[in-house]
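Asks: Sharing a structure below in structure tokens format, with a few things to ask.
The values are calculated or read from the model by the stated rules, or taken from the named source; none is laboratory data. None of the values given here were measured: they were computed from a predicted structure. Cβ: placed from backbone, ideal geometry, glycine included. Neighbour counts: every protein chain shown.
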Ligand SMILES: [Zn+2]
């Protein structure tokens, strides 16, 4: 059994990791239970370094976001979902999923830690949310996991951002430039990078290419 000391130490470590990833005081407080003033005095000794501005407020953002932002959100949501299924606590899973997202793309990161926190709140019905309004589904066409409104049934060729991304990948330079594994002029290598991305998201997926 973890002692109270173990739990406090874990909360402190988590708070430090979240602060380093740019989380707001309130976000760190909601995840770790450490009071905002204490978070501030421990991790933001210079008050000018405290993240400011308006916090992301609703999960409706996801439905109106462009394809690259939705793909980014799905990278985080899918990784988070996998880690939770493996038994990780929500806070730790958020940190690891966010770092995996950072590894798959380039700074400046299009999705902030606070946005990821917001999305995950609505996926799990925790922290900011009282019930889940988003869920993580497996695409029947490409096998990737993606975020959709709760109650959505995934049909082939439907709402999956990865299918759309794959379709548009060679035509859209913005998409090609958005994922660093594809920082190469070689199209074949780019595709391998794209597939590596797919595999990162869907370790159980069969085959190397998404179905048509
Ligand atoms: Zn798909």
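Asks: Identify the single condition in (1) in a helix (DSSP H, G or I); (2) at pLDDT below 95; (3) away from the ligand (no atom under 16 Å from the Cβ) that residue 75 does not satisfy, given that it satisfies every other one.
Replies: Of everything listed in (1) in a helix (DSSP H, G or I); (2) at pLDDT below 95; (3) away from the ligand (no atom under 16 Å from the Cβ), residue 75 misses just condition (3).
Asks: Could we say that residue 1 is surrounded by fewer than 17 Cβ atoms within 10 Å (Cβ to Cβ) and either in a loop (DSSP other than H, G, I, E, B) or modelled with pLDDT under 95 (or both) here?
Replies: So residue 1 fits the description; yes.
Asks: Further, regarding this structure: Given the structure, is residue 88 under 21 Å from residue 8 (Cβ atoms) and either in a helix (DSSP H, G or I) or in contact with a strand residue (DSSP E or B) (Cβ under 8 Å, 6 or more places away or on another chain) (or both)?
Replies: It is false that residue 88 is under 21 Å from residue 8 (Cβ atoms) and either in a helix (DSSP H, G or I) or in contact with a strand residue (DSSP E or B) (Cβ under 8 Å, 6 or more places away or on another chain) (or both).
Asks: Let me ask something additional. Being part of a helix (DSSP H, G or I) and surrounded by 15 or more Cβ atoms within 10 Å (Cβ to Cβ) narrows it down to one of 28, 34, so name that one.
Replies: Of the residues listed, the single one that is part of a helix (DSSP H, G or I) and surrounded by 15 or more Cβ atoms within 10 Å (Cβ to Cβ) is 28.
Asks: In addition: State which residue is farthest from the ligand (Cβ to nearest atom) when the search covers only the range 146-167 and only residues that are part of a strand (DSSP E or B) and surrounded by fewer than 23 Cβ atoms within 10 Å (Cβ to Cβ).
Replies: This residue is 149.
Asks: Can you say whether residue 103 is under 10 Å from the mean Cα position of the chain (by Cα), in the same structural domain as residue 167 (by TED's automatic domain parsing) and either within 16 Å of the ligand (Cβ to nearest atom) or not in a loop (DSSP other than H, G, I, E, B) (or both), as far as the supplied structure shows?
Replies: Here the answer is no, as residue 103 does not meet what is asked.
Asks: If I filter the range 130-145 down to residues being assigned to a strand (DSSP E or B) and more than 11 Å from residue 74 (Cβ to Cβ), which single residue comes out as farthest from the ligand (Cβ to nearest atom)?
Replies: Among those residues, the one meeting the criterion is 135.
Asks: Looking at residue 106, is it free of Cβ contacts under 8 Å to residues at least 60 places away in the same chain and over 21 Å from residue 32 (Cβ atoms)?
Replies: Spelling it out, it is not the case that residue 106 is free of Cβ contacts under 8 Å to residues at least 60 places away in the same chain and over 21 Å from residue 32 (Cβ atoms).
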